[in-house]
Every structure is written in structure tokens, then in C-alpha cells.
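Everything on this sheet refers to the single structure shown next.
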Amino acid sequence: MAVVLQYVAPYRPWNKGKLVGQKPPLKPREVWAIRVRLQIANKKRDLALFNLSLDSKLRGCDLLSLKVSDVRTGGDTRSRTKIIQKKTGNPVQFEIMDQSRDAIRDWCEFKGLEQYDWLFPNRKDRNRHFSTRQYARLVDDWVKSIGLRRSAYGTHSMR
């Protein structure tokens, strides 16, 4: 009896044909293009998230786990705040620019957020915050809206 061996092609690597490595930051004109589109579309949450991500330079997990009390005191948005990074455990202080403060104020008032709430709560469960995967999808949408390749930019492009 003859044994017939069949050739099996090796598996396809997950990154074959994909752009890997560090992704470039957004240029100032690209930032403005995204910001204007979000303002015109009246996307309060997206505008607040976009502006705060640029000001803070935080990783997605740290940005999304902010509480309202981290950036607001009473009815006013702070001009500067300090948080502890999850990955490194180091404190990071950053300034919140005027347009970010306005966007955060508008978002909190629109959503009716209180001091103990997540700044970017989950749509279905307010006890959880927006996920990093949802944030990555949003960044993809923002980048695509101004005609850039989604694969060339990511959440670290906001840092």
C-alpha cells in the first residue's frame, strides 16, 4: 500500500501585508480637519475625547478610565490635572486647553454627568467606561473621515 503525502501550505502570518511598527502622529492640519468635522457634526463626546486625548497624551486605557472628578471641580473644568498611569504607576500632570475645557463642559452638561461618573461612560452600562477597542474604532473613523488610511494611524497617533 502506497502512502500519499499531501503538501500543506504554512499558515499565513497575522501581519503579512500590514503596516506594523510605530504609527505616525497626526499633523496639525489633520488635527484641525478632524476637530472641525466633529464640531460641525455636533459630536460632543467625540470632540471632548479627541481634544482631551491630544492635550493629555495619555494611553487609551488611562484616558478612558478618567472620572469626571479628575477633570472637573464643581461646575468648572480644571486647567490642569494629575493622574497615575496604570502601566508605569507614575504620576502624569497635564494642562487642559481652553477648547478642551469647553468640549468637556458641553459633554458633561449634555450627558448629565456627576462627579463620581466615568467621563466617557459605556452606552449600555454607566457603571463601566468606554472600552479601548471602541476608542480605537473611533480613531479609525476620525482618520478615515479626513481621507487618511486607517491602517497608518492608531490610538498612539493621538499621543
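Readers should treat all values here as calculations from the given coordinates under stated rules, not as data from a laboratory. This one's a predicted model, so the numbers in the text were calculated from it and none came from an experiment. Glycine also receives a Cβ, built like all others from the backbone with ideal geometry; neighbour counts cover every protein chain displayed.
Per the helix-only calculation at 222 nm, which mean residue ellipticity applies to the chain, given -39500 (n - 2.57) for every DSSP H run of n ≥ 4 and division by its residues, nearest 500 deg cm²/dmol? Please report the intermediate quantities before stating the final value.
On the way: 6 runs with 63 residues, N = 159.
Computed mean residue ellipticity for the chain: -12000 deg cm²/dmol.
Tally Lys and Arg at +1 and Asp and Glu at -1 over the other residues with C-beta under 14 Å from the C-beta of I96: what net charge comes out?
0
Plugging the Kirkwood radius over Cα pairs into Stokes-Einstein for the range 1-123, at a temperature of 37 °C and a viscosity of 0.692 mPa s, what D comes out in µm²/s? Present the calculation step by step, with values, prior to reporting the outcome.
On the way: Rh = 17.2 Å.
So the translational diffusion coefficient is about 191 µm²/s.
Sorted by packing (mean other beta-carbon atoms within 10 Å per residue), highest first, where do 111-123, 61-73, 80-92 land?
Details: 111-123: 15.2, 61-73: 18.1, 80-92: 11.4.
In descending order of packing, they fall as 61-73, 111-123, 80-92.
Once the other residues with Cβ under 10 Å from the Cβ of L113 are scored (Lys, Arg +1; Asp, Glu -1), what is the net sum?
Working: positive: K67, R72, K111, R126; negative: E109, E114, D117.
It works out to a net charge of +1.
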